[in-house]
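Shown next, in structure tokens, is the structure this report addresses.
The values are calculated or read from the model by the stated rules, or taken from the named source; none is laboratory data. As the structure is a prediction and not an experimental result, all values here were calculated from the model. Glycine gets a Cβ as well: all are built from the backbone with ideal geometry, and neighbour counts include every protein chain shown. Keep in mind that these areas ignore ligands, DNA and RNA; they rest on the heavy atoms of the full protein, side chains included. Shrake-Rupley method; radii C 1.70, N 1.55, O 1.52, S 1.80 Å.
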Amino acid sequence: MKERLHDKSNAQQTQDPIYQVRNVSVAFDMDRGTSRVLDDIDLDIERGEILGVVGESGSGKSMFADSLLNAVVSPGQLGGEVIYNTEDGQSVDVTELTDEELRKFRWQEASMVFQGAQDSFNPTRKIRTHFVETLDAHDADIEDGMDRARELLSDLYLEPDQVLNSYPHELSGGMKQRTLIALSMLLDPEVIVMDEPTAALDLLMQQSIVRLIREIKGKYDVTIIFITHDLPLLAELADRLAVMYAFEFVEIGLTDGILEEPSHPYTRALLNSTPNIFAPVEDMTAIEGSAPDPVNVPTGCSYHPRCPMATDACVESDPGYYETNANHGVKCHYWEDVDNAIPLQVTADETRQVDVPAYGPVAMGTDRTPVLTLDDAEVHFESSQGLFAEPDAVRAVDGISLDIYENEVIALIGESGCGKTTLGKTAIGLQRPTGGSVSFRGQDIWDAKDGHGDVEIPHEAIRQSLQIIHQDPGSAINPNRTVRHTLELPLKHYNDELDMGDRQARILGMLETVGMTPPEDYADRYPHQLSGGEKQRVTLIRALLMEPDLILADEAISALDVSLRVEMMDLMLDLQEIFDTAFLFISHDFSNARYITEKSGGRIGVMYLGEIVEIGTVDEIINNPKHPYTKSLVWATPDLDETGENEDVPLRKIDIPDARNPPSGCRFHTRCPEARETCARKKPVLVGDGGNTHEVSCFRDVPNHEYWDSPELMNDEPSDETPTEK
Amino acid sequence: MSHSDGEPTPFERVAERETSRTDYYREILDRNVVAPLRILISDTRGLFGIGSILFFVFLGTVGVWLTNQPESTQYILLPPFQDAAHPLGTGRYGNDVLLQLIHSTPFMLQMIAGGAVYNITMAVIVGTFAGYKGGRIDEFLMTIVDMIIAVPALPLVIVLAVIFEPTNPIVVGIVITLPSWAGLSRALRSEVLSVRTHSYIEASRTMGLPTASILRHEIIPNLMPYIMINFVNAARRVIFASVGLYFLGVLPTSGIMNWGVIMNTAYETGSLYTLDTAHWIILPMIMVVWLSYGLIMFGQAADKVYNPRLRARHATTMTQETARTEEAES
Ligand code: SF4
Ligand code: SF4
């Protein structure tokens, strides 16, 4: 039978726990009642492990981080014991430390890396000052300390002197975050608590940092507690996982154990809702319902309102920890049955056939006419640095040619700062190219606007045909206007033969089509009365009301919750079928790009520093990437089944070079693991292999190229790069 | 586009029956007039502000119509609250102070409205246009604005007043605050700069909406709280400037009745030095302070009118459903 552990401790066999957390709660008194944001937690943390804590936003995971360092801000009340064991066998209760002891404890024994490195540095001081001041405040030897700092920085793939001499704004987000990690380790702490340290970064950077954290942990012998909402990220990093739901841990166990045999319905739902690059798109499902309110946590098992397996017993009694094996505890009465009740859907099958697209035609034949053509388009921004300096040109888009066909879905992916948004805006005529041309059905957009030459399609018509959906739904609709009013404006402007009643009917019909029912009610709402997903639907309707031929979706789903993204993409595709539009879908996320292009038989374009380096169908790009950069992006996209602990970062450098001063030859050569000496001198061009949709810009794709005979590029060649600002 | 055959798409949908126009207009009225008013009077400051303004408007219309012009009587310098025929006393020429105050009101109100509307219109047009367009246009307009700001206002106004000797209340209102829109338009411009970064502005531009329409529908509504406060301030500036200039005798006073003129007459006949005549100069002052304070209160409360959350809550046509969501959210 089920074996019940002694009441509610999940104290698993830890030999040498560095932390013993006992009955820890955090409560806030609010008007509505007591808000328990951490509910009676017990947990042991083993010395030298990497513990991954995963939970949705609002699950209490940041509170857990704060309580480990006794850093809960008032009026929050921290209760229980947080026992910290030093290496030489002494134990202290962190909750009892005096302020002065705490100050020492926080840097020398346990330190913390927060999300948003931006705010952790004083913008008016150089990085070096931050290091020196930290050393100084703890009476450490400055010289030894700075030597350690240099070592740490270079272990994190940074150039120590360059970083130390920079101001915070001169470093990119990824560099700042790594610098912060180095700073947190400056005083040789035993434990580092990292709270969403990679949340704001690109996937490639996230993955790179995760690898570095593993390496650093091995070298400096620290215990790491890594807190995130991103389960796949932990799959490759953590030794043990603790899944947090409703302010307590519902499942704790070894990472492999949890990923292979998750025993809590919530963990399973979490795994099933995670977009996965190799999983069949049909299998992703969202978790129903929403996370509980800390003032009113459901009785019994707090997951019962959302749990498909819930019974009366779950409502009545709070499950304790059941041990599924020596290393795996779970808080669910029915953990033995989850396998049948909630099957796991993540199956990695790399040789899987791409499904016949559910929508639209597969890519294109040559006979179709493009809706939009970019011909060698360039956008160079002048960025002047002070009054007398020569203005630098940022080459945001550098010589891109692209055809977008009727009804086609093209996804553009790349790291932030690669120029994908600028390219998108250039394509829909919001950004004037500084070179090359953009034409709509053969009519140059800017000639039409300026009235140059014979204008066959008037600018007004072009303007109407190219629409946009923005990233942040909050800022994309005017907060002072009702939905009805927002949607009326474009109709009035373009369709003046419609009378008022027709306009209303059309707006209501559209609201109904996107599932906002009853439409009469939604029409009279102000934006603050809509959820993020609903706002995004309104912007989608607004774009569609113009009857466009091409819609630019600029990271249009990135701001939505993971579980809503799939729904929104489905809606876009459904509407695309009804309205006959092409989509240019911009994303930094491979999984989303794959989902939307696979379902519509579209193409994916990979951008790097203002250029498209590879483009092709989903199958070609995901299953047969040819460009080393595409390969690294695929590598960085979470793949639950590939543990790949020893796999190195497939890059020579993890930071993107400065777009003001891009590398010579192949722009990727400074980071490319395959770079040879030719690559630094010569520039590859985007070519296909005859009649195929797949085009790559890399010498490796050209047989008998001189590349194959040239020597490998040395890693330590002098670099004249300055850090990027993005 | 090829959705002509078969089922009409939602996009081709037309109304099956005429929406009743009265319903539609009732709703517009509700959202744009009734709801804002309800918000205003739900606030004590708003109630006081609206009340004061209505009171003065009443005084300047019905009050003027009900009472006679003040005339010289035999009762000279009667103190207030002594005689039921002259409740607020009389001046040196025996004219009733209450009647004087009442019959000054139309001039004051027209002057205030003229000056404030002129200032706000100039500031909004120049400020929003420059801020939204940016580039050369912005630079050009802001250079002019800066030049106007650089001119010392008081001497300019005095010179203009002496040259033109304006007597029409609206012209007086404009002349005495002639250059003050410039500072306001600069402030508005910087507000526009922050509003225009919102992506809904870009969306409107992508839809090809004309500049005037974007300014009117997307930008100005978001600046309304700010514009209202400044409208009130401009109104107060007109009051103070006029009272000051009339008091100093810079503006022509003959044949004109307003609070500043009353104070000027009182002063010239020496009422600053004797207690017996103090009411003659204090009562118009009270009017000035009262109206000005009422305007401030109104301006503060008007801030709330432009808060969509409050507006949604006070609209009666809002369905029960929305109301509940609102509640759950807050
Ligand atoms: S205890 Fe019941 S409600 Fe809770 S997770 Fe298990 S089955 Fe679901
Ligand atoms: S051309 Fe050379 S540097 Fe560029 S991607 Fe190919 S191998 Fe790498």
Accessible area buried at the A-B interface, both sides summed, 1.4 Å probe (Å², nearest 100): 4200 Å²
For chain A, calculated [θ]222 nm from helices alone, where every DSSP H run of n ≥ 4 adds -39500 (n - 2.57): -8500 deg cm²/dmol
Formal net charge of residues neighbouring A:E706 (Cβ-Cβ distance under 15 Å; K, R +1; D, E -1): 0
Counting DSSP beta bridges with both ends in chain A, the antiparallel % (nearest 5): 65 percent
Lys/Arg +1, Asp/Glu -1 at C-beta; segment B:81-315 dipole; positive extreme among B:V243, B:V175, B:W259: B:V175
Acute angle (nearest 10 degrees) that the helix A:532-544 long axis makes with the longest principal axis of chain A, alpha-carbon atoms: 0 degrees
Local net charge near A:V191, Cβ-Cβ under 10 Å (Lys/Arg +1, Asp/Glu -1): -1
About the Cα centre, charge dipole magnitude for segment B:81-315 (Lys/Arg +1, Asp/Glu -1 at Cβ), debye: 900 debye
Dipole moment magnitude, nearest 20 debye, the protein assembly as shown about Cα centre, only Lys, Arg, Asp, Glu C-beta charged: 5560 debye
Segment B:215-253-segment A:582-610 distance, computed between alpha-carbon centres (Å): 54 Å
Residue-level accessible surface for B:T61, protein heavy atoms, 1.4 Å, Å²: 80 Å²
Pairwise centroid distance, computed over Cα atoms, of segment A:27-69 with segment B:117-186, Å: 59 Å
Degrees between helix A:173-184 axis and first principal axis of chain A (Cα, 0 to 90, nearest 10): 10 degrees
Of all accessible heavy-atom area on segment A:413-508, the percent that carbon and sulfur account for (1.4 Å): 42 percent
A:M63 accessible area, 1.4 Å probe, all protein chains in place, Å² to nearest 10: 40 Å²
Residue-level accessible surface for A:E81, protein heavy atoms, 1.4 Å, Å²: 90 Å²
Members of segment A:524-550 that become less accessible by 30 Å² or more once partner protein chains are added (1.4 angstrom probe, chain alone as reference): A:D524, A:R525, A:Y526, A:H528, A:Q529, A:R542, A:E547
Chain B: relative contact order as a whole-number percent, Cα under 8 Å and 6+ apart: 25 percent
Relative contact order (%) - criterion: Cα under 8 Å, at least six apart; region: chain A: 13 percent
Rounded if a/c under 1.5, otherwise prolate or oblate - segment A:28-96, Cα gyration tensor axes: oblate
Tensor-based shape of chain A (alpha-carbon gyration tensor, a/c under 1.5 rounded, otherwise prolate or oblate): oblate
Prolate/oblate/rounded label for segment A:409-489 (Cα gyration tensor, a/c 1.5): oblate
Mean ellipticity per residue at 222 nm, deg cm²/dmol - from DSSP H runs of n ≥ 4 across chain B, formula -39500 (n - 2.57): -21000 deg cm²/dmol
Derived scalar couplings ³J(HN,Hα) [segment B:68-81; Karplus, 6.51 cos²θ - 1.76 cosθ + 1.60; whole Hz; x for Gly, Pro]: 8, 4, x, 10, 5, 10, 7, 7, 9, 6, 6, x, x, 6
Per residue accessible area of chain A, 1.4 Å probe, in Å²: 39 Å²
Net charge of neighbours whose Cβ lies under 13 Å from the Cβ of B:K133, counting Lys and Arg as +1 and Asp and Glu as -1: +2
Table column - 3J(HN,Hα) (Hz), segment A:616-621, Karplus curve with 6.51, -1.76, 1.60, x for Gly and Pro: x, 6, 4, 4, 5, 6
Which of B:L47, B:G60, B:Y293, positive extreme of dipole for chain B (C-beta unit charges): B:Y293
C-alpha long axis of helix B:220-248 to longest principal axis of chain B, angle in °: 10 degrees
Amide H contacts under 5 Å for A:I469, placed H, 5+ residues apart: A:L552, A:A553, A:D554
Entries in A:K420/A:K631; A:K492/B:K133; A:K176/A:K217; A:K449/A:K535; A:K61/A:K126 that, when Cα-Cα distance is taken, lie over 21 Å: A:K492/B:K133; A:K449/A:K535; A:K61/A:K126
